[in-house]
Each structure stands twice: as C-alpha cells, then as structure tokens.
Amino acid sequence: MKNIDTILHVKGESKYIDDFQEEGLLHAAVFCSPIAHGKIDYLNFAQAKNVEGVFAILCASDIPGENQMGEIVKDEPLFADQQVSYVGQPIALVVAKDSKTAQLAMQKIDIQFQELPAVFTPREAHQQNLLIMPPRTIQSGNINNAWEKCDIVVSGQVETGAQEHLYLETQRAIGYPQEGKNLKVISATQSPMTVQKAIANVLNLPMNQIEVDVPRLGGGFGGKINQSKAWAVMVALAALKLKKPVKLILQRGEDMCMTGKRHPYSTDFKIGLTKEGKILAYEVIYYQNAGAIADSSPVVSAVTLFGLAGSYLIPNVKATTIICKTNLIPNTACRGFGKPEAMFVMEAAIFKAAQEMSVSPSFIQKQNLLQDNDILHYGAKIQTSQALKCWKEAVQRFCLPDIVREITHFNSENFLQKKGYALTPICYGISFDKAFLNQSYALLHIFMDGSVNVTTGAVEMGQGVNMKIRQIVSRIFSINLDKINAKTPNTSRIANTSPTAASFSTDLNGHAVQKACVAILKRLTKMIAEEFDVDEFHVEIKNERVYIEGKETSKDWTSIIHQAYMKRICLAEQAHYKVPNIHWDNDTYKGNPFSYYVFGTAITEVTIDCLRGTYVIDSVKVVQDAGESLNKIIDLGQVEGAIVQGIGWITTEEIIYNEIGELQTDNFTTYKVPTILTAPKDIQVHFLENVNNPAGIFQSKGVGEAPLVYGLGAYFALLNAIMAFRPHTVEQFSAPMTPEKLSAFLSSLQNYGICESDLPL
Ligand code: MTE
Ligand code: MOS
C-alpha cells in the first residue's frame, strides 16, 4: 500500500503548475503596498509601462466586476483601491514577456501615500475597538457558581505565535483565454470552487464560463484554502484583457510577505480544580490577531471555541473570542485550524495548576481525560473515547516510568544539561466548521477496457488523498490499483466542491466515491446474475474475477465491462454525499459539529543546554488513533510530518515584524523551520489497534492535522527541563520557545538549584 505518487516524485515526473510551459505564455508580478496603513495619494504607471516587454499593468480600475473576494466578510479587495491596510497588500499586476521584465517594471511604478496610524498587536486593536466582528462567547454549566467549589484557582496569560505554511510550491496560477469570455485557470488551490467563485465575481462572469483545474500541489497546509484566490483572479483578469495565457508565480520572499500565516493568539485564562485535580471551571478570552482582513479568521476562532478543552472534560466553561483587526498580512487557516492554539492554552493552564498543587501535569491530565458518553461544552456527546486507551497504551508501550527514571538520573548527574518530558493527549473533532461544506461529489467513469477514472473535489497536496481514493475504488470493485486513475479536481467535472481541508477529504469524498462505485457494481452484478440465472447475492467479483456461488468462472473484470458496454449498461455514475448527523446552532454554539473524534497521546523528551539556551528534541513517541487506517504508510507520514510542523511552530519558527509592520523573517535564514538536523531523531508512532469508526469511510479516521498538536509537548517538556535546572513558578507562557527566548528565560531566573523531578503516575 505504498503511495503510487511516490514513484513519480522520485523520478521528478510529477507535474506541478510550473511544469506547464507553453509558447507565448506571459508572466506577471504583483506590485504591493510598502506601508502598513495609508491612503494612496498618487499612483502612476507611465514609466513602468514604457519598459520594453511590458504588456499591461492592471489595477482596481481595470476590474469589470466587483473588486471583492471576501467570503465571510466583504472586506477583501483584489487590488487595494485608495487605501492600503498592510505591507504586502496587492495594488497592481504587471504583465510582461518574462518575469524579470515584470519585476523590473514594477520598480518603476510611482506611488505616494498619506500614512495613517497602524496597529499590530491584538490587544492594542481590541483597546481601539478595531474588531473584525463583535466578540463571541460560549458557555456551559455555571461558571459563576463553579469557582466557589474549586480548591485551586490559577490564572495567567498565554501567547502563541504565527506560523508560515511553507508549502514547497509557492502560490501560483495560469490563466488561459478560451472561446468568447470563457476562461480556464490552473490554480494551486485547496479550494477550486472558492477560486472559481472569486473569478466570477471580480470578472463579472457566470461561474459556468470559468473552468478551474488543480494539478497536484506542492503542499497547502491551509494556506491555499482562501489565499490562493487572488493570484488566480489576477491571471484570469489578465488573460481576459490580453487574450493571452498569463502565468503568475510568487517568489518565496513575495509569498512570505504577501500571504497570511497561522493566527497569533494572546489569551487570558483562569482554571479551577478540586484538590484531587478534577477540573471544574475554565474561563478564557482569546485575542486573535486576524490581520487586516477577515479571511477565515471568524471560522478559525469558532473552531478555537470548539477545541478549547482539548481531551478533557470540563463541566463549567466560559470562553470568548475577540477577532482583532491589525495592520498585518491577513492570517488564515493553518494545519489545525484554531485548535492547536486553543489546546496550548489548556495545557498551559494545567501546567500552572500542577505547579500550584505541586504535582506533575500528567497527574491532572490523566484524570480529566474524556470518557465514553461524556458531553462536551458545546453539547455534543463523545460516543466512544479512545483518550484513556491511547494514554495507557503510550505509558506502557514506551515505558514512561523508565523514561522518567532515566531523566531523573540524568538530571542528577548533570548540572548544565537537563532533560525534560511531557505528555500530550489529543482529542480532535473532524468535519467542516460550516455545516453546508459537509457535502461532496464523485464522478466515476469505467472505460470499455475496464480502466477507471475517478474524479472528486479532493486536491492532492502530498497528503495522499489520491492514493486513498483509488484504494476505495479498488476495494469496492476488487480490481487492481493500476486500473484506476484519480483525475484532477476540475470545476467542469465536479461543481460546488468543498475545500480539501479539515483532514476530512478522504472521508468526505471517499463516501461519494463509495456511493458511485456501489451503484455501478449493482448494475454489473444484476447483469451477471441474469446471465447465470442466479440470485444477485450469489455473484461476486474478487481480484478481477467473477465468482458464482463461490466458484470461479472464466469471466474477468475486463470481459464483464466490455459485455456491459455492448449491452448498453451505464458505466458512469455521479454521486453526492451529505455527512449525516452534523448540526449546530450558530448563535449558541450548541449542537453536534463533528462527525467523529481522533484521539492520541504523545510522550516528548528534550535535552536543554542551560548555559547556551540551546536544546534538542530527543524523541516523540505516539500512540495514534487512526480508526482502521486506510493506508498506514501514508498515515505514518502524516503523523510524523505534523509532529515536526507542530514542533517548529512551538520552538524555532518565529515570525517577526518590525515596528512599521514589515516582515523581517521572509526567508529561510531568518525563519527557522525544523530541518533533518533539528527534527527529533526518534519519532515512534504506534497505531492504536482494534478501533472502529462507523462514521468514517471503511472505519478509518482523518489524521492530517490532529498530530500537529503533539508539537505542544516540546514546549512543556522544555519547561520541565528548565524546572530541573532552577525550580520556579512559570508566570507566562510564550511560544515559540526559541533558543534565544530560552536563554533569556534561564538567565532571568534567580533561585539556583536542582529540583527532584516529581515522578508522576
Ligand atoms: N500533508 C502534506 N504533505 N501537504 C499538505 O499540504 N496539509 C495538511 C494535512 N497534511 C498537508 C498535509 C492539512 S492542513 C490538512 S487539512 C490535511 O492534510 C488535508 O488533507 P486530508 O483531508 O486528505 O487529510
Ligand atoms: Mo487544513 S488547515 O484544514 O487545510
């Protein structure tokens, strides 16, 4: 069950957008705002237009439709018009014979501004009432009464940082003029329909005249759900105006300066527990830094509200999200979609409570884990919780008591090097945050030679969805994988697709594929049953051969398909799937927003150098619930990748803007992602056995994002190691814990000494 795509990747034969190189293709570059906030006083293209090889410079006034791409809030112009609200906001598109010329011409654009005051931090924006929408609060139980019943109450502040998606393939698109006003756009997007809709709106064309096709992506990670629109709309506009194909590829630095990141959050929490460690109450206010435009911030913050309790049962909750409008690049969906941010706060609260109670965090974590039939703060019931099972399996399988003993021993022998560990349990709901997105289509064609084409709305971005979709077809028809081709999502084959996101793609699209396959299989079975004069349930197709009453016949897959064609039996099917049982009230945030939940537990070990502030993430050992995994190799890759990405977010990846809102970390020298040298040397993943998931396709679960949360373990393991060096009370939690921050932290601590590590469990 290897991922077939790997063979193409290794040979360099996989086709990405930049591999489309036709004669006559024009190249574009985006001219964007150099200032964070201001009015455009003067804009002149005359000199730039004179550069030889420039075909056009397009701006807001060239837009035939509405200069608007906003999905949730109508605050997202394609090109800034009159006013700019962040450094990197597109103002114009230069189209030239090649990208060098386009870049050169861009430098000759004459622009003048009247600068306005800018705001960069969410709390500052909140003070000035600069909000994307009014704050939203959800409640469960009775928080006011709950505090009196608590023996321990602690509160604190938590900061988490932004994160670059760092897809290997930057944002890009090619627009092709077609007959009349028809357009074809090849876009690196996770959401073909979003792109199609935006083009239609900006170009004032009906959606049926716009065909969006998506080849495989070199990664998306959430950064190409909403933020792939602009570039596709720009090339569509240029192709329409110039009647020539136009390609736009953002350079790495441009991509980093023009596209949104994971949202930074600044959060206040208060947690109350019994002296036995049962969490009774949790109150939290999230200040989300949305950047200058709403984008998907409202939905991300809604998901934060759903995910705030992590894997724990908390009877009394009050939580507020404040979506703050700042003069930064609009932040957007990023792997985890608001849940890792929420879970970090939860773990920080537990860490602080554990300090107050002089126990290990794991003592509190374990006894609050969700159990079967627990009702979450938004009213949904967890039917089957694997939380405790994963926890116990991780503790046993990876011998936690031995780990703790070795760490304690190491710490007693070493003064300037300390080790630490943390446990990170996860519970992660799967579905789309907007009910209507929980639907899908599949289109299936069987050709007369028995080969099969399957199209869904799922975008292959390295996560292996194509392989899994093929597996589903292969499993239902019982035919070889090499007979099955997964076609690119294309709005002319599949309309109204939901984005490839939320770790839901295989499940969502796979269910539609299943429906289509079953419908065709029924017709084939009926045909064979009639021929052999038996009941349909006596007919079976197994490994491409036909069996009647369990006996092999001379007929194979190819022959029955040919026969079906000759008999004029339909060999095509389109199916629509609607996820059952998902509903919630958008006002009260009560209901059942998720199809099912993914569980797991990680044990993270780290070593710090207390003099230099440097550290090594030694190991991450995980027990992962993937239901009945459809493809363990792919899922393993997903879990490992997510862990490393999560560790990056929480340790070394730091987005820095200067005091005038310019991104300082716009390349790989200043922005530090984990590399082969700094990623944990030892990552062990064990898939929890004997778990089923009736809601998932073939009992599987989506594990694309959830394991990113294990990255949080690195932070708390680092804190654990710091405590072994100098015991103290942690007052503030601020991720990422860069080596720079860690060394400043260490030197700020006053009381020297070595603490006895407290043995949990
Ligand atoms: N894996 C790779 N290689 N590339 C990606 O862009 N995106 C992640 C995850 N894993 C991503 C990835 C994100 S953010 C999501 S939501 C899921 O894949 C989406 O794919 P799925 O629904 O098929 O799990
Ligand atoms: Mo993933 S953030 O839902 O693309």
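The values are calculated or read from the model by the stated rules, or taken from the named source; none is laboratory data. What you see is a predicted model, and the numbers here were worked out from it, not measured in a lab. Glycine also receives a Cβ, built like all others from the backbone with ideal geometry; neighbour counts cover every protein chain displayed.
Per-structure values
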| read-out | value |
| --- | --- |
| Residue in segment 504-517 that is outside any helix (DSSP H, G or I), surrounded by 23 or more Cβ atoms within 10 Å (Cβ to Cβ), in contact (Cβ under 8 Å) with a residue 24 or more places away in the chain and aliphatic (A, V, I, L, M) present | no |
| Some residue of segment 324-340 being within 16 Å of ligand 1 (Cβ to nearest atom), in contact with a strand residue (DSSP E or B) (Cβ under 7 Å, 6 or more places away or on another chain) and within 26 Å of His686 (Cβ to Cβ) | yes |
| Pairs with Cβ under 6 Å, 6+ apart, first in segment 181-194 and in contact (Cβ under 8 Å) with a residue 24 or more places away in the chain, second within 16 Å of ligand 1 (Cβ to nearest atom) and in a strand (DSSP E or B) | Ala188/Arg172 |
| Candidate set: segment 432-456, residues that are touching a helix residue (DSSP H, G or I) at 6+ places or on another chain (Cβ under 6 Å) and assigned to a loop (DSSP other than H, G, I, E, B); chosen: the one nearest to ligand 1 (Cβ to nearest atom) | Asp433 |
| Pairs, first at positive phi and surrounded by fewer than 20 Cβ atoms within 10 Å (Cβ to Cβ) in segment 578-600, second part of a loop (DSSP other than H, G, I, E, B) and hydroxyl-bearing (Ser, Thr, Tyr), C-beta under 7 Å, six or more apart | Gly591/Tyr378 |
| Residue within segment 241-257 that is modelled with pLDDT of 95 or more, surrounded by 21 or more Cβ atoms within 10 Å (Cβ to Cβ) and of a type in the set (S, T, N, Q) present | no |
| Flag if Glu540 is among the acidic types (Asp, Glu) and either within 19 Å of Ile446 (Cβ to Cβ) or part of a loop (DSSP other than H, G, I, E, B) (or both) | yes |
| Answer from Ala290, Ala302 - the residue that is surrounded by fewer than 24 Cβ atoms within 10 Å (Cβ to Cβ), under 17 Å from the mean Cα position of the chain (by Cα) and in contact (Cβ under 8 Å) with a residue 12 or more places away in the chain | Ala302 |
| Selection status of Lys247, more than 16 Å from ligand 2 (Cβ to nearest atom) and among the charged types (D, E, K, R) | yes |
| Condition check for Gln386: surrounded by fewer than 24 Cβ atoms within 10 Å (Cβ to Cβ), touching a residue at least 60 places away in the same chain (Cβ under 8 Å) and either more than 26 Å from Ala230 (Cα to Cα) or not charged (D, E, K, R) (or both) | no |
| Scope segment 661-719; condition hydroxyl-bearing (Ser, Thr, Tyr) and over 27 Å from Ala502 (Cα atoms); matching residues | Thr665, Thr669, Thr670, Thr678 |
| The one condition in (1) within 17 Å of Val119 (Cα to Cα); (2) surrounded by 24 or more Cβ atoms within 10 Å (Cβ to Cβ); (3) out of contact with any helix residue (DSSP H, G or I) (no Cβ under 7 Å at 6 or more places or on another chain) that Lys261 fails to fulfil | (1) |
| Selection within segment 156-212 - assigned to a loop (DSSP other than H, G, I, E, B) and more than 16 Å from ligand 2 (Cβ to nearest atom) | Gly161, Thr170, Gln178, Glu179, Gly180, Lys181, Asn182, Asn204, Leu205, Pro206 |
| Every residue from segment 221-239 that is more than 13 Å from Pro90 (Cβ to Cβ) and either within 16 Å of ligand 2 (Cβ to nearest atom) or surrounded by fewer than 24 Cβ atoms within 10 Å (Cβ to Cβ) (or both) | Phe221, Gly222, Gly223, Lys224, Ile225, Asn226, Ser228 |
| Subset of segment 210-254 (residues that are over 21 Å from Glu71 (Cβ atoms), within 16 Å of ligand 1 (Cβ to nearest atom) and not small (Gly, Ala, Ser)) | Pro215, Arg216 |
